[in-house]
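Read the structure below first, then the notes.
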Amino acid sequence: MEEYKGRLKIKYIFQKKIGFGVARNAAIAHVNTDLIATLDDDAVAREDWCQSIVNGHAQFPDVAAIQGRVYSTPKNSTISLVEQLHIEKWFLKNMDINNNLNIISAKNSSFKLSLFKKLHLKFRDDPLIGLYGGEDKDIAFQIISKKQKIIYIPAIVVYHSERDSLAKYL
């Protein structure tokens with residue numbers, strides 16, 4: 001955080017309770033913009049990531065969430081290749097012909113905060129889900145159950161660093 005101080009408007013919010021959902025809900029409670037975006041701490045957003053998110057929501061103003069493309073890195077790693085195939089299969093399996101999804105991955109997603117609040121959406125903060133992931137799948141279920149759309153825009157790109165050994169992957 002220190003290296004970005006002065007260059008980016010960042011506010012540090014301490015949470016005693018741990019978990020992804022807890023952290024995301026705390027952040028949402030403190031933002032004052034209509035778009036919120038998530039990516040993993042081991043992901044690097046492409047340079048045009050923020051602008052691509054803004055453009056995507058402007059192009060599709062009626063969607064609640066947008067899922068971006070996730071590329072696994074390093075590219076020469078067998079584990080990254082396997083994970084990339086898994087991600088691609090997962091998205092294709094859960095996408096219709098119009099790029100509507102019934103799932104979302106917090107590795108690269110964005111939401112309209114106004115709809116988030118209007119629909120009373122909240123990231124699940126269950127300790128087990130919050131420590132090991134899954135809160136993104138739960139938020140997708142909430143969005144879909146409220147008859148809202150999640151779409152996939154592959155031009156919104158992040159590069160996600162995968163585990164570097166088979167033992168860590170399993």
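The values are calculated or read from the model by the stated rules, or taken from the named source; none is laboratory data. Predicted model, so just to flag it, every value in this text is computed and none were measured. No Cβ is skipped: glycine too gets one built from the backbone with ideal geometry, and neighbour counts run over all protein chains shown. Just so you know, the surface numbers come from the protein's heavy atoms only, side chains and all, with ligands and any DNA or RNA stripped out. Shrake-Rupley method; radii C 1.70, N 1.55, O 1.52, S 1.80 Å.
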Query raised in the report: Which value in Å does the Kirkwood hydrodynamic radius of the chain take, with 1/r averaged over all unlike C-alpha pairs and then inverted?
Result: 16.8 Å
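Of all accessible surface on the chain at a 1.4 Å probe, what whole percent is carbon and sulfur?
On the way: 6180 of 10720 Å².
Here carbon and sulfur together make up 58 percent of the probe-accessible area.
If you average the sequence gap of Cα pairs under 8 Å that are 6 or more apart and divide by the length of the chain, what percent do you get for the contact order? Mind dumping the intermediate values first?
Values: 254 pairs, mean separation 65.3, N = 170.
Over the chain, the number comes to 38 percent.
Can you tell me the accessible area per residue over the chain, all protein chains present, probe 1.4 angstrom, in square angstrom? Numbers along the way, then the final one.
Working: 10720 Å² over 170 residues.
Accessible surface, normalised per residue, equals 63 Å².
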Query raised in the report: Which lysines have a Cα less than 23 Å from the Cα of LYS149, not counting those fewer than 8 places away in the same chain?
Result: LYS89, LYS93, LYS107, LYS112, LYS117, LYS118, LYS122, LYS137
Query raised in the report: Where a Cα-Cα gap under 14 Å defines reach, which aspartates and glutamates qualify for LYS17, not counting those fewer than 8 residues away within the same chain?
Result: ASP125, ASP126
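Can you give the extra length, in nm with one decimal, that the chain gains between ARG46 and LEU85 once fully stretched, where that is 0.36 nm per residue apart less the Cα-Cα distance?
Numbers: separation 39, 0.36 × 39 = 14.04 nm, distance 2.04 nm.
So the chain would gain 12.0 nm between ARG46 and LEU85.
Taking the Cα centre of segment 1-65 as the origin, how large is its charge dipole in debye, to the nearest 20, when only Lys and Arg (+1) and Asp and Glu (-1) carry charge on their Cβ atoms?
On the way: 8 positive and 9 negative charges, 82 e Å.
It works out to roughly 400 debye.
For the chain, the longest stretch holding no trypsin sites (Lys or Arg not before Pro) located in a DSSP loop with at most 13 other Cβ atoms within 10 Å is which? The partial results should precede the final answer.
Values: sites that count: ARG7, LYS9, LYS11, LYS16, LYS17, LYS75, LYS146, LYS147.
So the longest stretch without any such site is 76-145.
At a Förster radius of 22 Å, what calculated FRET efficiency corresponds to the Cβ-Cβ distance of LEU8 and SER161, to the nearest 0.05?
Working: r = 21 Å, r/R0 = 0.96.
Computed FRET efficiency for LEU8 and SER161: 0.55.
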